[in-house]
1. Only one of 279, 314, 259, 326 is outside any helix (DSSP H, G or I), more than 16 Å from the ligand (Cβ to nearest atom), assigned by TED's automatic domain parsing to the domain that holds residue 203 and among the hydroxyl-bearing types (Ser, Thr, Tyr). Can you tell me which?
2. Taking region 262-295, which residues are closer than 22 Å to residue 239 by Cα and exposed (fewer than 13 other Cβ atoms within 10 Å of the Cβ)?
3. Given (1) among the small types (Gly, Ala, Ser); (2) free of Cβ contacts under 8 Å to residues at least 60 places away in the same chain; (3) within 15 Å of the ligand (Cβ to nearest atom); (4) not in a loop (DSSP other than H, G, I, E, B), where does residue 95 come up short, assuming only one miss?
4. Going by what's in this entry, would residue 235 be described as within 16 Å of the ligand (Cβ to nearest atom) and modelled with pLDDT of 95 or more?
5. Among what's in region 282-301 and is touching an Asp or Glu at 6+ places or on another chain (Cβ under 9 Å) and more than 11 Å from residue 313 (Cα to Cα), pick the residue that is farthest from the ligand (Cβ to nearest atom).
6. How many residues are within 16 Å of the ligand (Cβ to nearest atom) and within 13 Å of the chain's Cα centre (by Cα) if we restrict to region 329-371?
7. Being among the hydroxyl-bearing types (Ser, Thr, Tyr), within 16 Å of the ligand (Cβ to nearest atom), over 14 Å from the mean Cα position of the chain (by Cα) and not in a loop (DSSP other than H, G, I, E, B) is true for just one of 153, 144. Which residue is that?
8. Of the residues in region 128-156, how many are among the basic types (Lys, Arg) and in contact with an Asp or Glu (Cβ under 8 Å, 6 or more places away or on another chain)?
Amino acid sequence: MKPCLLLLALLLGFGHYTRAQLLLKDATIIDGDATVSPRKGSLLIRAGMIEKVIYDGTVPDEKLTVIDCTGQFITPGLMDAHVHLGTLNMNDQKGIHLKTDSILQNMLRHGITSVRDMAGDAIFLAEYKRKIATGQLAGPDIFYAAQFAGPGYFAMMQMGSRKDNDLGTTPWYRAITPEADLRLAIAEAKGAGASGIKVYADLTKKQIAAITKAAHAQGIQVWSHGTVFPAKPADGVAAGVNSLSHAADLCFQQMKGDTLGFHEAWQQLYKKGFTLDTTVQVKLLQGMQQKGIFLDPTIFHASNNKMWNALTITRIAHRVGVKVVTGTDWIYPEKNEAVPLQSEMELLISKCGFSAAEAIESATINSATVTGLHDRGLVRAGKRADLLVTNADPYTNIATLFTPAMVIKRGKVLR
Ligand SMILES: [Zn+2]
């Protein structure tokens, strides 16, 4: 090991750090796909990738670093599919870097090896994405969105707390008029390093369809807010976006008319006697299931804001077979404290009918797939060695994922 890497590992508080060929021996392997039963096996890791999952006990006859995992469990590394790392006050560069370094290290310590960032300053995010990818900083891999919204939305933000001049005029905060050159806007978003377009607000059904078509033509994902206004949730489904965020937002589908006014809709929601029409939800969610559109329900966020419909909607989504991802849209602690992803997964299990296996699937393979990543999220040959080793069985104790005995990122053991 190079001395600088050792120093980095020590500074980060991780006791052991290796890049060699590695054998994780005799663990119970949890695949990530909930339909695959856990099995006893060993993992051969080479050059940061899982080379082989060995179920028949035949360990290769070569020099390896062997870690005995008898009695332990291996799962894919976890993913938070809805974070905001780049929305801090960019005028205080030193402060935000110190804070972000700590947040990212704490995420990794708690088993989070990748994140989907749902809009923020792309210069800042690109810098962190690169630092982590090149091993200069320990943290989850970052994949981020460029936010597209109508000019009305950005004008509203300017009047509010945000006074940034870049709102609506950068590739990552892009005001989309009906005349916008979408092909160019999407190419610029890609150029700024975005993995997806976040369709956010003040856009019509026709615009969402056009953005989705143009984005998919350039091989980039489309992640929509549950309700975009004036477009309704079903408009995002019809457009074939890759995901809808915030289950609570889907309740707006039942309101009358083909379009929704932002203020009127929220007023109606908070008026006494609003009841969720579950038949409308079943139809909407079945449409998502048929098109393979992921739901990013953010139920911890919703529960903290007393938006209980989110739990019912996520329960229905689970019942009709919509694929769910685990996004928190919540603040991460800088210190070695519990992370909101744990609460999100616990709520899926306690309130929405998910088994622990299904909650793990949401936080691994589903969250990777929605981000457009096919190199991670499963404990299988050919996938990145982003792994957790736990002392307890996550199927009976989901909390154990967040205090892993080992976090392995790209084949490096951090513990
Ligand atoms: Zn968000």
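The values are calculated or read from the model by the stated rules, or taken from the named source; none is laboratory data. From a predicted model like this one, the values you see are computed outputs, not experimental measurements. In this analysis, Cβ positions are derived from the backbone assuming ideal geometry, glycine residues included, and neighbour counts consider all displayed protein chains.
1. Details: 279 fails: outside any helix (DSSP H, G or I); 314 fails: outside any helix (DSSP H, G or I); 326 fails: more than 16 Å from the ligand (Cβ to nearest atom).
One residue alone meets the criteria, 259.
2. 279, 290, 292, listed by residue number.
3. Tallying (1) among the small types (Gly, Ala, Ser); (2) free of Cβ contacts under 8 Å to residues at least 60 places away in the same chain; (3) within 15 Å of the ligand (Cβ to nearest atom); (4) not in a loop (DSSP other than H, G, I, E, B), residue 95 fails exactly one: (3).
4. Judged against the criteria, residue 235 is not a match.
5. 300
6. Selection size over region 329-371: 8.
7. After ruling out the rest, the residue left standing is 153.
8. Filtering region 128-156 for residues among the basic types (Lys, Arg) gives 129-131.
When the remaining residues are screened for being in contact with an Asp or Glu (Cβ under 8 Å, 6 or more places away or on another chain), the result is 129.
Of the residues in that region, 1 qualify.
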